[in-house]
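Heads up: the structure comes next, in structure tokens.
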Amino acid sequence: MSTNTPLIVLQGLQKSFFTEEVETRALHDIHLSIGRGEYVALSGPSGCGKSTLLSLLGLLDTWTAGRYLLGGHDVSEINRAERARIRNREIGFVFQSFNLISDLTVEENVGLPLSYRSDLKRGDIGPMIERALQKVDMLHRAKHYPSQLSGGQQQRVAVARAVVGNPSLILADEPTGNLDSKNAEAVTQLLESLHREGATICMVTHNPESAQRAARQVELFDGKVVSDSMAGAHPVPKLAAVI
Ligand code: ADP
Ligand code: MG
């Protein structure tokens, strides 16, 4: 695959939720192209569709219309198993509430995404977990349980879990939203260092300062992209007759 191919191309993506016959349009006609190695901050007021967009990017949910190309591969019509496989290999998630499993140790939590990988040999897994924990400076807590860690430490472990399988995309939904300012800064710096090492990061934030630190700012309002600091540099290819 050419490295010039954008990692993400969204063409007219829409998402509606239906609850008791009421339709909520969470996303309207999203056109967006994100290149490899970009660090994009997604912002906008509460309810504007940020988390919905992130869950579509992460293949956690399906869209109602439009097309999503991930690494040049159309992921609009793949089956559940293929979707899960791509999600597991290509995407790392970091959530506001850490989402670590409380009865697994730090190293077991970090190793979880690898346990579904049939392409890895047994002997590969330990060193991969160790490297990921080293990256976030948590190797000394490998045998601890999440409840024995501070919030900032738990989020660093969650970042290790997101990067352990070397995904092509890291998605973070308000990763510092539950942290005090010192821990928020540490987690922000950690994401910035992963970006310098080549990771593609898409981070939701409603903190303008943290959005400004990303190389590109995309703003959503009412389910639409209303501004994109790098729009000119990322033309979205025309929507072919697919839908
Ligand atoms: P944000 O993350 O920007 O605060 P969300 O993406 O969570 O916004 O929500 C966008 C809109 O979609 C909101 O109106 C929200 O109520 C609605 N929504 C999100 N998830 C669901 C769901 N599972 N079922 C019904 N409506 C939802
Ligand atoms: Mg949200």
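The values are calculated or read from the model by the stated rules, or taken from the named source; none is laboratory data. The structure displayed is predicted, hence computed values, not measured ones. All Cβ positions, even for glycine, are placed from backbone atoms using ideal geometry, and neighbour counts span all protein chains on display. The protein model used for the area step is the full one, side chains on, heavy atoms only, and it has no ligands, DNA or RNA in it. Shrake-Rupley method; radii C 1.70, N 1.55, O 1.52, S 1.80 Å.
Odds and ends about this structure:
- Annotation: amide H of Tyr39 within the under-5 Å range of Ile201, Ala215, Arg216, sequence separation 5 or more or interchain, hydrogens built in the peptide plane.
- For the residues Pro208, Pro167, Pro146, a GNM of the chain with alpha-carbon springs under 10 Å puts the largest fluctuation on Pro208.
- Rolling a 1.4 angstrom probe over the stretch 71-216 with all protein chains present gives an accessible area of which 46% lies on carbon and sulfur atoms.
- Dipole of the chain, positive end: most advanced residue of Gln11, Leu120, His73 [Cβ charges, Cα centre]: Leu120
- In this rough spin-label picture, where each label sits 7 Å from Cα along the Cβ direction, the Asn178-Arg83 distance is 2.6 nm.
- Length-normalised contact order for the chain - Cα pairs under 8 Å, 6+ apart - percent: 30 percent
- Vicinal HN-Hα couplings computed from phi for the stretch 175-180 (Karplus, 6.51 cos²θ - 1.76 cosθ + 1.60; Hz; Gly/Pro x): x, 10, x, 10, 10, 6
- Within the chain, helix-based [θ] at 222 nm, where runs of 4 or more DSSP H residues each add -39,500 (n - 2.57), nearest 500: -9000 deg cm²/dmol
- Sorting the segments 188-201, 25-38 by their residues' average number of neighbouring beta-carbon atoms within 10 angstrom, most packed first, yields 25-38, 188-201.
- Here the Karplus curve 6.51 cos²θ - 1.76 cosθ + 1.60, taken at θ = phi - 60°, turns the phi angles of the stretch 80-96 into couplings of 4, 5, 5, 4, 5, 5, 5, 4, 5, 7, 9, 10, x, 10, 10, 10, 4 Hz, with x standing for Gly and Pro.
- When you work out D = kT/(6 pi eta Rh) for the chain at 25 °C and 0.890 mPa s, using the Kirkwood radius from C-alpha pairs as Rh and the Stokes-Einstein form, the result is 132 µm²/s.
- Taking the Cα centre of the chain as reference, the dipole from Cβ charges on Lys and Arg (+1) and Asp and Glu (-1) amounts to some 640 debye.
- Inter-site label distance for Glu192 and Leu60 at 7 Å from Cα along Cβ, in nm: 2.6 nm
- Debye intensity ratio I(q)/I(0), log10, the stretch 183-224, q values 0.25 Å⁻¹ (C-alpha model): -0.95
- In a reduced charge model with +1 at each Lys and Arg Cβ and -1 at each Asp and Glu Cβ, the stretch 87-229 shows a dipole moment near 440 debye about its Cα centre.
- Note that the chain presents 50 Å² accessible area per residue, ligands and nucleic acids not counted, probe 1.4 Å.
- Whole-number D in µm² s⁻¹ for the stretch 21-82, Kirkwood Cα-pair radius fed into Stokes-Einstein, 10 °C, 1.306 mPa s: 119 µm²/s
- Helix 151-163 axis versus longest C-alpha principal axis of the chain: approximately 70°, rounded to the nearest ten.
- Among Lys50, Lys135, Lys143: highest mean-square fluctuation, GNM of the chain, C-alpha pairs under 10 Å: Lys143
- For the chain, lysine pairs with C-alpha atoms less than 23 angstrom apart, excluding pairs fewer than eight positions apart on the same chain, total 9.
- Extension gain (nm, one decimal) between Asn166 and Asp74, 0.36 nm per residue minus Cα-Cα: 31.0 nm
- Each residue of the stretch 66-78 is assigned a 3J(HN,Hα), and the resulting list reads x, 9, 10, 9, 10, x, x, 9, 6, 9, 6, 10, 7 Hz, derived from the Karplus form 6.51 cos²θ - 1.76 cosθ + 1.60 (θ = phi - 60°), x at Gly and Pro.
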